[in-house]
Amino acid sequence: MTSLHLNWDEIDDVLLDMDGTLLDRHFDNFFFEEELPRRYALLHGLSWEGSRERLMAMYRSVEGELAWTDLDYWTERVGIDVVAMHKELDHMIGFLPSTESFLRELKTLGRRVTILTNAHQSGVEVKIAKTGLDRHVGRIVTASEVGYLKMRPAYWPTCQRLVGFDPTRALFIDDDEGCLAAAQQFGIAHLVHSAKSSSQLPPAFSASFRSVESLSTLMKAPLLPHSSQAL
């Protein structure tokens, strides 16, 4: 098997997903799949299982739309202040292992680093306050700024106009294969899948994109071709 190297001389812009790539997605998984259903159950006199089933159906009804990640929308729809809940549970927010060292190395390389996140601005602000993530990057672009989520093909030309990157000299890393597929369709030259999105779950390798378990390996070793193997 021939290995494919990530040649940093071919990359000017590093475009990074936030949750599940830089930050531990365990917080979001716990928040929306466990804790919010628990509080919704108490509010509406439901079982936890019934509450979770109802909320998951709500999530699916707007999946892929801006409302899917809009915390103000969910506050209104479920009758619970989800922004306040984010602040209450911020002790669970944190970096994935090797994220900070990877960001420091990118700074040493002199590459322009931009976070592209589907997260709502209110949630981004809570996570920045907890982690100081914004100090490591040049800019954080939310989906509401662009007008679409990253898995929508219309996202990418608008995002390019906002950020000003050259797709042929850009690297995009995300744990969501739908977002990577939309970026690939647009013409982003370098695509990497983050296989280890949560500290509490095993890595999930992509069959369509080159996967890494740890971002730090991108600085130390070649990427493997598309396969179930990862670094």
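The values are calculated or read from the model by the stated rules, or taken from the named source; none is laboratory data. The model shown is predicted, which means the values in this text are computed figures rather than measured ones. Glycine gets a Cβ as well: all are built from the backbone with ideal geometry, and neighbour counts include every protein chain shown.
Would you mind finding the one in E49, E34, E63, E76 that is exposed (fewer than 15 other Cβ atoms within 10 Å of the Cβ), in a loop (DSSP other than H, G, I, E, B), out of contact with any Cys (no Cβ under 9 Å at 6 or more places or on another chain) and not assigned by TED's automatic domain parsing to the domain that holds L133?
Checking each option against the conditions leaves just E63.
Just checking, which of A41, A84, A57 is closer than 25 Å to P153 by Cα and assigned to a helix (DSSP H, G or I)? Spell out the reasoning first.
Working: A41 fails: closer than 25 Å to P153 by Cα; A84 fails: closer than 25 Å to P153 by Cα.
Only one candidate passes the filter, namely A57.
Any idea which of A195, A182 is closer than 24 Å to E34 by Cβ, crowded, with 19+ Cβ neighbours inside 10 Å and free of Cβ contacts under 8 Å to residues at least 40 places away in the same chain?
Of A195, A182, the one residue that is closer than 24 Å to E34 by Cβ, crowded, with 19+ Cβ neighbours inside 10 Å and free of Cβ contacts under 8 Å to residues at least 40 places away in the same chain is A195.
Out of the range 1-57, which residues are hydroxyl-bearing (S, T, Y) and over 25 Å from T142 (Cα atoms)? Explain how you work it out, then say what you get.
If we filter the range 1-57 for residues that are hydroxyl-bearing (S, T, Y), which is where we start, we get 2-3, 21, 40, 47, 51.
Of everything in the range 1-57, those that are hydroxyl-bearing (S, T, Y) and over 25 Å from T142 (Cα atoms) turn out to be T2, S3, Y40, S47, S51.
I'd like to know if the range 118-135 contains one or more residues that are among the hydrophobic types (A, V, I, L, M, F, W, C), surrounded by fewer than 17 Cβ atoms within 10 Å (Cβ to Cβ) and outside any loop (DSSP other than H, G, I, E, B).
Within the range 118-135 (the criterion being among the hydrophobic types (A, V, I, L, M, F, W, C), surrounded by fewer than 17 Cβ atoms within 10 Å (Cβ to Cβ) and outside any loop (DSSP other than H, G, I, E, B)), the answer is yes, since at least one residue qualifies.
Quick one: which residue in L106, L162, L191 is assigned to a helix (DSSP H, G or I) and farther than 28 Å from V82 by Cβ?
L106
List, please: which pairs have Cβ atoms under 6 Å, are six or more places apart or on different chains, and start with a residue in the range 30-53 that is in contact (Cβ under 8 Å) with a residue 24 or more places away in the chain and end with one that is hydroxyl-bearing (S, T, Y) and surrounded by 14 or more Cβ atoms within 10 Å (Cβ to Cβ)?
Y40/S51
If I filter the range 81-104 for residues that are surrounded by fewer than 14 Cβ atoms within 10 Å (Cβ to Cβ), in the same structural domain as L201 (by TED's automatic domain parsing) and among the hydrophobic types (A, V, I, L, M, F, W, C), do I get at least one hit?
no
Does the range 167-188 hold any residues that are within 16 Å of R139 (Cβ to Cβ) and either among the acidic types (D, E) or in contact with a helix residue (DSSP H, G or I) (Cβ under 6 Å, 6 or more places away or on another chain) (or both), and which are they?
Across the range 167-188, the qualifying residue is only F172.
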